[in-house]
Amino acid sequence: MTTAANAAPSATAVLRARGPYKAYGPRRGHGDTTSTLIRTRRTPTMEITRRPAPPTGIRRLLFRAPIHLYRLRLGWVFGGRLLLLNHTGRVSGKHRQVVIEVVEHDRTDGSYVVCSGFGTKAAWYRNLLATPQAGIQVGLRTLPVTAHPLDREEGGDFMARYALRHPRAARRLVRFMGFSVDGTAEDYRAVGRRLPFVRLGPRRP
């Protein structure tokens, strides 16, 4: 039910919902004393604090722990948030596995977008560049895929949408990856432009 209290939002609420504005006085020749609000594009304030190196030793074992759940056919516990990537080592040519968070899943074409939080130094990312043909497992479903690296602007858009869907996870994630953001979409987009994103598209036999 609409009440008088919520029928008309305050000017402050409108400004918060629509983003940063600059206020200008009344235009010459107009009697209206209400300031004219003009939207401006804010420059991102994102900063790089300290980028982490790919995990080694005990940290690497902890990062690889979800792989064992997938091997026990317990990948369903992650829902659609994590996938198991089966790929080929660029030097050894051996079968490799890694569990990665799903940034976005496109139900229309069945593709999955993932991101390397450790940048271009991550082994799985470099392996996909060398051999794009790979396979993924999401829950109990397996799918052959081909990896397609995305450009900076696409990565920025994906990161901004991820932060909108998972705000708490996004804050923790960017802090872990060594970025400082103010929580706005523009700052998250700036982070995404600095990270390598990959689309894993279904590979037809």
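Mind listing just one residue for me: the one in segment 184-196 that is in a loop (DSSP other than H, G, I, E, B) and within 20 Å of residue 45 (Cα to Cα) and, of those, most open to solvent (accessible area, probe 1.4 Å)?
Restricting attention to segment 184-196, the residues satisfying the condition of being in a loop (DSSP other than H, G, I, E, B) are 184, 193-196.
From what is left, the residues that are within 20 Å of residue 45 (Cα to Cα) are 184, 193-195.
Numbers: 184: 50, 193: 48, 194: 137, 195: 13 Å².
Among them, the one singled out is 194.
For residue 99, only one of the following conditions fails: (1) touching a residue at least 60 places away in the same chain (Cβ under 8 Å); (2) buried (at least 18 other Cβ atoms within 10 Å of the Cβ); (3) not polar (S, T, N, Q). What is its number?
All conditions pass for residue 99, except number (1).
Being assigned to a loop (DSSP other than H, G, I, E, B) and either open to solvent by less than 10 Å² (accessible area, probe 1.4 Å) or in contact (Cβ under 8 Å) with a residue 60 or more places away in the chain (or both), is that true of even one residue in segment 197-204?
Yes, that holds for at least one residue.
Rundown of residues vs (1) over 17 Å from the mean Cα position of the chain (by Cα); (2) at pLDDT 95 or above; (3) closer than 17 Å to residue 201 by Cα; (4) of a type in the set (Asp, Glu), yes/no style:
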| position | (1), (2), (3), (4) |
| --- | --- |
| 131 | yes, yes, yes, no |
| 140 | yes, no, no, no |
| 149 | no, yes, yes, no |
| 166 | no, no, no, no |
| 175 | no, no, no, no |
| 180 | no, no, no, no |
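Just to check your reading of the model, which residue among 130, 170 is out of contact with any Lys or Arg (no Cβ under 6 Å at 6 or more places or on another chain), of a type outside the set (Phe, Trp, Tyr) and under 25 Å from residue 64 (Cα atoms)? Can you show your working first?
On the way: 130 fails: out of contact with any Lys or Arg (no Cβ under 6 Å at 6 or more places or on another chain).
From the options 130, 170, the qualifying one is 170.
How many residues does segment 104-134 contain that are out of contact with any helix residue (DSSP H, G or I) (no Cβ under 9 Å at 6 or more places or on another chain) and within 19 Å of residue 92 (Cβ to Cβ)?
Selection size over segment 104-134: 10.
Could you check segment 102-183 for strands (runs of 3 or more DSSP E) lying wholly inside it with 2 or more residues that are open to solvent by less than 50 Å² (accessible area, probe 1.4 Å)?
Counting at least 2 such residues, we get 111-115, 133-138, 141-149.
Could you tell me which residue of segment 54-80 is modelled with the lowest pLDDT, considering only residues that are part of a loop (DSSP other than H, G, I, E, B) and either touching a Gly at 6+ places or on another chain (Cβ under 9 Å) or surrounded by 13 or more Cβ atoms within 10 Å (Cβ to Cβ) (or both)?
Keep residues of segment 54-80 that are part of a loop (DSSP other than H, G, I, E, B), which gives 54-56, 64, 72-74, 79-80.
Keeping just the survivors that are either touching a Gly at 6+ places or on another chain (Cβ under 9 Å) or surrounded by 13 or more Cβ atoms within 10 Å (Cβ to Cβ) (or both) gives 54-55, 64, 74, 79-80.
On the way: 54: 67, 55: 63, 64: 77, 74: 87, 79: 86, 80: 88.
Of everything passing the filter in segment 54-80, 55 is modelled with the lowest pLDDT.
The values are calculated or read from the model by the stated rules, or taken from the named source; none is laboratory data. Quantities reported herein were computed from a predicted structural model and do not represent experimental measurements. Please note: Cβ atoms are built from the backbone with ideal geometry, for glycine as well, and neighbour counts cover all protein chains shown. Just the protein is used for accessible areas: all its heavy atoms, side chains included, with ligands, DNA and RNA removed. Shrake-Rupley method; radii C 1.70, N 1.55, O 1.52, S 1.80 Å.
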